[in-house]
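Worksheet: the structure to be examined is printed underneath.
Read-outs: derived from the displayed coordinates by stated rules, not from any lab. Predicted model only: the values in this text are computed from it and were never measured. FYI the Cβ positions are ideal-geometry reconstructions off the backbone, even for glycines, and counts take in every protein chain you see.
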Amino acid sequence: MSTKVRSWYALVALVACSALLLQLVLVVQGGRVLDEQTVPPLGIRLGRLVSYFTIQSNLLVAVTAVHLARAARRGPGHGSTAWTVARLDAVVGITITGLVHFVLLRPLLDLSGADALADALLHLVVPVLALGGFLLVGPRPPLTRRTAGLALVWPLAWLGWTLVVGLVSGWFPYPFLDHREDGWAAVVVTCVAITALFVALLGACALASRLGDRAREPRPLSPTSG
């Protein structure tokens, strides 16, 4: 693996870990997230923190980036199904994080100082670095129907768990998942749309991987060469 690849993912890992640590510190200090009107006890705040898709996708980016940065010249297991699924979930998940935040959540936020910095790192800087690394630096693992299906397990499990917990506790990490806002029809439409976007981005990753493989294939010599 080239020095450029290792350096890029060292940067991605540094930014993602720094963003997560900053957000953790802010939550421990009593910071509110999105439009929360009250600050719950610390244990509840920490539980809610790890419930956010934003945090989970940034964690995936951090873990996979650290793995790539440490891989050096040895192969990091890119051919394994587990690695392929983790890599795809990290890239697609963080892209969804950036897009959904930009379209649905930014109008709800009025942040400043360290809160604004953490928000920008988690929702803008890390997505740009992670997606840019996948498209421009690589590696881009191949995508099969099996790996695509496995890559959907995490987001669908997160969605199902989040809705169940929300119904039981009355707390939803994002307002577009709260049926009390605009009704169940709006929740279903939003969930279907985001799931379709996830699938479409998986397809885009597969296309990028195939195009990258073709670009690396040696071209046949022309009859007049040599």
Using only alpha carbon pairs under 8 Å that are at least six residues apart, calculate the relative contact order of the chain and give it in whole percent.
24
With 0.36 nm assigned to each residue of separation and the Cα-Cα distance removed, S2 to L21 gains 4.0 nm
Testing the spin-label approximation: label points 7 Å from Cα along Cα→Cβ at Q29 and L14. State their distance in nm.
2.3
Can you find, among L197, G160, L24, the residue farthest towards the positive end of the dipole of the chain? Put +1 on the C-beta of Lys and Arg, -1 on that of Asp and Glu.
L197
Stretch in the chain that is longest and holds no trypsin sites (Lys or Arg not before Pro) that DSSP places in a loop and that have at most 12 other beta carbons within 10 Å:
75-226
Which one, (i) 41, 40, 32; (ii) 46, 42, 27; (iii) 74, 36, 29, gives Cα extents along the principal axes in Å as derived from the coordinates shown?
(iii)
Neighbourhood net charge (14 Å Cβ-Cβ; Lys/Arg +1, Asp/Glu -1) for L122
-1
Please get the size of the charge dipole for the chain, origin at its Cα centre, with Cβ charges of +1 on Lys and Arg and -1 on Asp and Glu, quoted in debye to the nearest 20.
1220
So for the chain, taking the charge dipole from beta-carbon charges (+1 Lys/Arg, -1 Asp/Glu), which of A71, T38, A118 sits furthest toward the positive end?
A71
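Looking at the range 1-71 from every direction and averaging, what is the projected area of its Cα convex hull in nm²?
4.9
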Whole-Hz Karplus ³J(HN,Hα) for the range 46-54, in order, using 6.51 cos²θ - 1.76 cosθ + 1.60 and θ = phi - 60°, x for Gly and Pro?
5, x, 5, 4, 6, 7, 6, 4, 4
Longest principal axis of the chain (C-alpha) makes with the long axis of helix 81-100 (C-alpha) an angle, in degrees to the nearest 10, of 50
